Amino acid sequence: MTSLLRKCNTLCNQLLKGCTSHFTVVPRRWLNDMDKSTVTIVNQDTSLGILINSYSRAGFRLSNGMMAIGPIAIFPKSVLSWNVNTAEDINEESLSLFYTLEPKIDILVIGVGNPGQQVSSKIIQYMKEKHISLEISPTETACATYNFLNAEGRCVAGALIPPTQYRISEDDIASTKRRNRDMMKVDDFPIV
């Protein structure tokens with residue numbers, strides 16, 4: 001086995017001559033079960049329930065392949081349309097679904113849409129009286145928080161409003177340019 005690894009290492013060195021490598025070949029005898037790492041892509045694991053893959057002005061793309069249009073009330077196993085348009089529309093009636101459920105949810109994650117939107121302090125106090133913890137944040141952060149708590153197995157629900165503004169990073173711009181450049185190739189020849 002060690003001779004095979006040496007041959008592979010020699011072959012790799014010849015193929016990658018002049019390239020720097022950040023990896024080394026480690027003989028198997030140095031590894032044990034405690035050294036193994038595994039990676040699980042959470043959004044592809046259906047046993048965790050429904051997760052949010054992405055969002056847009058129109059709504060949310062879910063881990064089960066479905067697209068939910070508009071504001072949503074999301075639970076680990078189901079998604080409902082939520083009849084609000086902005087954070088100002090959130091009131092006792094629009095949140096009644098979340099405190100009438102059995103078993104009671106541990107935490108309600110509210111995505112208010114754009115940064116700077118707020119929920120009334122009366123609503124926060126009202127939900128506190130109903131013994132439901134709130135996490136209120138812009139929808140971008142709320143989606144990640146909901147996914148994390150759901151993957152942990154917490155009894156969580158989300159009340160999410162699609163944002164109307166986006167934060168675009170340099171990585172987003174670069175990946176879009178790369179995708180567009182790759183789309184303009186035919187048989188590995190660029191279209192000029």
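I need the phi-derived Karplus couplings for segment 84-95: 6.51 cos²θ - 1.76 cosθ + 1.60, θ = phi - 60°, integer Hz, Gly and Pro marked x.
Each residue's phi maps through the Karplus curve to give 9, 10, 9, 4, 5, 7, 6, 9, 4, 5, 5, 9 Hz.
So, for segment 74-188, what is the accessible surface per residue at a probe of 1.4 Å, expressed in square angstrom?
62 Å²
What's the FRET efficiency of residue 165 with residue 104 using the Cβ-Cβ distance as r and R₀ = 30 Å, to the nearest 0.05?
0.35
Treat each spin label as a single point 7 Å out from the Cα along the C-beta direction, and report the residue 130 to residue 174 distance in nm.
Each label point lies 7 Å from its Cα, and together they span 4.4 nm.
Report in % the part of the accessible area of segment 52-192 that belongs to carbon and sulfur, leaving out ligands and nucleic acids; probe 1.4 Å. Could the numbers behind the result be given before it?
Numbers: 4590 of 8770 Å².
Answer for segment 52-192: carbon and sulfur cover 52 percent of the accessible area.
Take the Cα atoms of segment 102-177, build their convex hull, and give its volume per residue in Å³.
For segment 102-177, the hull spanned by Cα atoms encloses 99 Å³ per residue.
State the volume of the convex hull built on the alpha-carbon positions of segment 61-192, expressed per residue in Å³ and rounded to an integer.
It is 142 Å³ per residue.
The values are calculated or read from the model by the stated rules, or taken from the named source; none is laboratory data. Note that the structure is predicted; figures quoted are calculated from it, not measured. Counting neighbours? That spans all protein chains shown, and the Cβs are built from the backbone with ideal geometry, glycine included. Quick note on the areas: whole protein, heavy atoms, side chains included, nothing else; ligands and nucleic acids left out. Shrake-Rupley method; radii C 1.70, N 1.55, O 1.52, S 1.80 Å.
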